[in-house]
Structures are given as structure tokens and as C-alpha cells.
Amino acid sequence: MSYKKFLERLEKELVVTLGCTEPMAIAFAAALAKKHVKGELITSLRVLASTNVLKNAMAVSIPGAQGSGVDLAAALGVLAGDFTKGLEVLSGLTSQDVDNAKRMIDQKKVKVEVAETAKKLYIEVIVNTPQSTAKVVVADEHTKVVFIEVDGKVLVDALENESGSDGTEETGNSADSFMTIDSIWEFVKGVKVSDLSIINKTIELNTSVGLEGLSKAYGLEVGKTIKEGISQGMLSDDLITNAMALTAGASDARMSGCTMPVMSNSGSGNQGISATLPVVAVGEKSQASREQIIRAVTLSNLIAIYIKTKIGRLSALCGATASATGASCGIAYLLGGGKAEVMSAIQNMQGNTTGMFCDGAKAGCAMKLSTCTSAAVQSAIMAVQGKTIQSTNGIIEESAEQTLENLGRLANQGSTAVDRVILDIMVQKKVG
């Protein structure tokens, strides 16, 4: 039974996305609302989003748009989006589409506001034409439609019944009960590689974007700078630097408008990159077999998914700390580690990267991914050498499972004030 559940969870959480997921979710909701209104002339477009969504949509570049912003994502969704493509809703943008969207914004037809909601992932889009009005609400997951209203008639209303509608984060529910570190390990060891086509696709998509980021000038060029540092003899050509370069290169490209899709993990493209490419880079550098790499990437992505069930889909904590913990587990596996070493890698990562905050999606995320990747390789090497951080340290407990429970508590209870301050700073800078 759990075998099938793991495969289903991989299919659910590993989703192809074009660009950052929050702007794409906004565009998705806008495109769906546009589909329901009568008439083509848009008189107004209103977006209300949770602060966590806003912070991840404000500064990150939209692929093919040469720009960023909640207002731009929404306008593009209405004018050129195809909601049937999910998080690839804006694929195939033309320069005319972008010009039309920017004209709509200049005409003051787009309004962006902070939604009065306790939900961390909430997007409400209202589209008006002279003949019609439509409202669409997406909540809890990036393409999860929970409310549709057209001209006063409610077509979909699942909002009140949604878990988390009372403001609590949807974490640790019964649907996740089959997942533990033990069960993940047993699945990875026993799964048929032929059943892991989604992992093969993840490796192919994310590696392609990583190589793109290393070959061209995107964003801060974090990955490219590391690669050049290796060739110039300033950095050593080892497991850590190669993993950092490939991972950061992918984030450089993705966060700076690259039109190539990536495979996301738990609603984040950077998490998909961070859970996959460090493992691929170490596997290739250490000449691991294709099967070993596939199993290691599966382990990494499942551990990342598992941690996200503890800390939530959006959080004040940087998601790369969760995905890089998964990567550390995958790397430990590639270096010959067993279940005990995987658990040690988790402990070492929580003693290292816990406390890195999310201050929104932007080009600088590539630096955070490179930092977390370095920690992932280091933690894995220490783990396979029998070196584990002690339970007397910080949030670390005797078992990795208990430590992750503490991490969840930190994310869901202890980081509220931090989140509020970060979001206040960012929203005051710019909302649209």
C-alpha cells in the first residue's frame, strides 16, 4: 500500500513549472478567472494575496517578460495565460503579450492588495469586463482552486472546508502518516527503477537548467562564478564546488527569467533544484551508476517532501534548508551510507542551516542554494565518517524524527514574529 502512496506523492509534489511558482500561481488564477467572464475588454483586475505569496512574487523575474511583479503576473495571466497548463501557464509569451500587460498596468487597471487571511498560500483574483465579473480563489497549493464565482453565481466553494481555513498550517495530517524516515528508506531501497520515470524527468529538466545557468549570464551568476573560480584555480575541483556550481547555476537561470521549465518539489522550483542537482553533481563526480543516482535523487526528494509536511508549504524558514537536507541524505547514500548515516546527515544539517530565513524569491536565492548545497555535502561526508552532531546542541534530539518535529515547531510556532517583520519590510518597499 505505501509503495503506491510514495509513487503517488512523488507525482503530486514533483510538478513542472516555468519560473517561480508564486507568480505562476497568480497568473494561473487570473487566467482561470478570465476564462469565466464574458467579453474580452478587461476593465479592472484585482489581486488579493497572502503576504507569503506576495513576498515570493514581488522581485523574481517572470520568464519571457523582462520584468517582475504581482501586477505583471496577473496581467499576463489574464491576457495571455493558459490555465490548462498549470504552473506553465505563461509558456509561449510574446513581446506583444508583455507590452499589452504593461499597458494594462500603466492604465491603472490592475490593483494588488494584501489579503486578510491567516492562510500562508492564498490568492484571490477578480476580473471585470463591461458584461461580467469572475472571482477565483487558489489556496493551500499553487493550483488548488477552492472558490469560483461568476456574476454572483458560485460554481465552486470548497474554501470553508479546506484544512487550514482557521489559520492553522496544513502540516502533519493523516494523509502523511505513511511517511517516516524509515519508510522512505525502505521504499528507496526496494522501488523498481522503472517506476521512477518522474525522477528521470526531474534529473533531465533540472540538469538542463543548471547547465544553462553555467553557460550564460543570468542574475548574480553565482554558479558561473564558482565554475570560473574552479577553472582559474581559485577554488578546488571537488564534490562541494561542483555541486554548488550546478545547483546555483540552475537557480541563477530560473530566478532571472530563463524560459526553460524546471521540476519543482512541494510547490517550489528552487526546492526541486536543490533536492536534485547536488545529488546529481556528486553522483557524476564520484562515477556512481545511473541507478544509484536515481535512487539517491528519489531519497532526496522524498526527504524534502517529508520535511515540508512538518514546516509547511510556505514558511519564514528558507525552503532550501529542507531540500538541501534531502540532498545531504541522497549524497550520504551515494557515498556508501546506510539508514543510520542518512539520519546522521539530517541531524548534521539541522545543526547547521536551521534558522536561515526566507525573505522572498529573487536572484539572491542562488546564493542561499549554494550555501545549503555546501552544507549538504559537508554534512553527508561527516555522517558517513560516523560524525553526528550531539543532542545537547540546540534543537537537535536523540533521533532525527524528533529533531524534525522540533523544526516543525520552530517553523509553525516560533517564526511568526520573524515572518511578520520580514513581510512588513518587503511590503512597505513594494507590493505590486
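Given the condition farther than 19 Å from I307 by Cβ, crowded, with 19+ Cβ neighbours inside 10 Å, in the same structural domain as D252 (by TED's automatic domain parsing) and not β-branched (V, I, T), answer yes or no: does some residue in segment 383-393 qualify?
Checked against the condition, which is being farther than 19 Å from I307 by Cβ, crowded, with 19+ Cβ neighbours inside 10 Å, in the same structural domain as D252 (by TED's automatic domain parsing) and not β-branched (V, I, T), segment 383-393 yields no hits at all.
Please enumerate the residues belonging to segment 358-383 that are under 19 Å from L314 (Cα atoms) and not hydrophobic (A, V, I, L, M, F, W, C). Step through it out loud before you land on a result.
Start the filter on segment 358-383 by keeping residues that are under 19 Å from L314 (Cα atoms), which leaves 358-366, 368-369, 372.
Correct list: D359, G360, K362, G364, K368.
Need the failing condition index for S231 against (1) in contact with a helix residue (DSSP H, G or I) (Cβ under 9 Å, 6 or more places away or on another chain); (2) surrounded by fewer than 22 Cβ atoms within 10 Å (Cβ to Cβ); (3) of a type in the set (G, A, S), just the number.
The single condition S231 does not satisfy is (1).
Cβ-Cβ under 7 Å, sequence separation 6+ or interchain: first residue in segment 197-226 and at negative phi, partner of a type outside the set (G, A, S) and in a loop (DSSP other than H, G, I, E, B). Which pairs?
That search, which allows pairs on different chains as well, returns L205/P261; S208/M260; V209/C258; V209/M260; E212/C258; E212/M260; Y218/C258; I226/L235.
With the condition being farther than 19 Å from V191 by Cβ and among the small types (G, A, S), I'd like the helices (runs of 4 or more DSSP H) fully within segment 278-357 carrying at least 3 qualifying residues.
Filter on segment 278-357 gives 320-334, 339-350.
Quick check on segment 307-318: of everything there that is surrounded by 24 or more Cβ atoms within 10 Å (Cβ to Cβ) and at pLDDT 95 or above, which residue is nearest to V15 (Cα to Cα)?
Going through the qualifying residues, I end up with K308.
Consider L369 against the criteria (1) part of a loop (DSSP other than H, G, I, E, B); (2) within 22 Å of L239 (Cβ to Cβ): it satisfies all of them except one. Which criterion is unmet?
(1)
The values are calculated or read from the model by the stated rules, or taken from the named source; none is laboratory data. Treat the numbers as computed from the prediction; the structure is a model and nothing was measured. Using ideal geometry, Cβ is built from the backbone for each residue, glycine included, and neighbour counts are taken over all protein chains shown.
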